[in-house]
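Remarks on the structure that follows.
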Amino acid sequence: MTFRYCLIFMCSFLLLSCENSQKKETGTPVKKETTSLYLDLEGNPVKITDFKGKRVLLSFWATWCAPCLKEMPSLANAQEILKEENYIFLFPTNDNLKRVKQFQKNNNYPFRFLQYKGALESLKIYALPVTFIYDTKGNEVMRIDGATQWDSEEIITKLKTVK
């Protein structure tokens, strides 16, 4: 019986010793390195918070997504219509940078394409396209799932009402 208690004590001691040896107390909290979930086509980090003070249209798309490609001409028109309205249009995708660069080369869209490094599911995106609209304070004020006629009078009016 004593051997059993001794064995339990030794195992507990070893486990606790291992646990404590992994902890490092420096007296100051360890800062986690924050990385951006978005990269521009040169691989530079882009943060949506960098655009505070502007209205942001963030349209998630993919090179293989037919509805995404179908709505791009109307997005280009909407971007032109809203150029004096303090809007920035961003186009994140999970596609690799090489594919996005090739798409940009083959299509003459005046868009700021980004690569999204996160999981679409974390944004509750289960189908593309999905577009988020942010106000000048950085608050999400609108979400539109599916392809949309972005240059329609109704949508342009909605976008102009965002503060």
Cα lying deepest toward the dipole's positive end in the range 38-161, options Ser152, Leu97, Ala127, charges on Cβ: Leu97
Using θ = phi - 60° and Karplus 6.51 cos²θ - 1.76 cosθ + 1.60, couplings along the range 52-67 (whole Hz; Gly, Pro as x): 4, x, 10, 8, 10, 10, 10, 10, 7, 8, 8, 5, 8, 8, 4, x
³J(HN,Hα), Karplus 6.51/-1.76/1.60, whole Hz, each residue of the range 89-94, x for Gly, Pro: 9, 10, 10, x, 8, 8
Given charges at beta-carbon only (K, R positive; D, E negative), |dipole| of the range 38-161 in Debye: 360 debye
Amide proton proximity set for Met142, modelled H, under 5 Å, gap of 5+: Ile133
Antiparallel content of DSSP bridges confined to the range 28-163, in %, to 5: 65 percent
For peptides 128-135, 91-98, sequence by mean Cβ density within 10 Å, most packed first: 128-135, 91-98
Euclidean distance between Cα centres, the range 107-132 to the range 55-88, Å: 11 Å
Residues Ser36, Ser122, sorted so that the one with the fewest Cβ neighbours within 10 Å comes first: Ser122, Ser36
Too-long pairs where the Cα-Cα distance tops 28 Å, listed order kept, from Lys47/Lys163; Lys117/Lys158; Lys117/Lys160: Lys117/Lys158; Lys117/Lys160
Residues Arg112, Arg55 arranged by fewest to most Cβ contacts within 10 Å: Arg112, Arg55
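Readers should treat all values here as calculations from the given coordinates under stated rules, not as data from a laboratory. Note that the coordinates shown come from a computational prediction; the quantities given were computed from them, not determined experimentally. All Cβ positions, even for glycine, are placed from backbone atoms using ideal geometry, and neighbour counts span all protein chains on display.
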